[in-house]
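Visitor: After the structure tokens below, expect a handful of questions from me.
The values are calculated or read from the model by the stated rules, or taken from the named source; none is laboratory data. Computed from a prediction, not measured in an experiment: that's the story for all the values here. Neighbour counts are summed over all protein chains in view; Cβ atoms, including those assigned to glycine, are modelled from backbone coordinates with ideal geometry.
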Ligand SMILES: [Zn+2]
């Protein structure tokens with residue numbers, strides 16, 4: 001999934017609305033190490 005700064009999310013690398021290159025974003029994934037890190041400080 002990509003995100004255009006002006007138009008929001010898009011599925012294409014190039015925004016179909018403003019024809020600018022959108023940024024590739026990764027969906028947040030569950031990270032067990034991060035969770036343990038908070039508990040351990
Ligand atoms: Zn756009």
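Visitor: Need the failing condition index for residue 26 against (1) surrounded by 10 or more Cβ atoms within 10 Å (Cβ to Cβ); (2) more than 10 Å from the ligand (Cβ to nearest atom); (3) at pLDDT 75 or above, just the number.
Guide: Among (1) surrounded by 10 or more Cβ atoms within 10 Å (Cβ to Cβ); (2) more than 10 Å from the ligand (Cβ to nearest atom); (3) at pLDDT 75 or above, the lone unmet condition for residue 26 is (1).
Visitor: Determine whether the stretch 10-22 contains at least one residue that is without any contact (Cβ under 8 Å) to a residue 12 or more places away in the chain, part of a strand (DSSP E or B), within 14 Å of the ligand (Cβ to nearest atom) and in contact with a strand residue (DSSP E or B) (Cβ under 8 Å, 6 or more places away or on another chain). Please lay out each step first, then the result.
Guide: Initially, the stretch 10-22 is screened for residues without any contact (Cβ under 8 Å) to a residue 12 or more places away in the chain, giving 11-14, 16, 19, 21.
When the remaining residues are screened for being part of a strand (DSSP E or B), the result is 14, 21.
After this cut, where a residue has to be within 14 Å of the ligand (Cβ to nearest atom) as well, the list is 14, 21.
The next check asks that each one be in contact with a strand residue (DSSP E or B) (Cβ under 8 Å, 6 or more places away or on another chain); those that pass are 14, 21.
Yes, the stretch 10-22 has at least one match.
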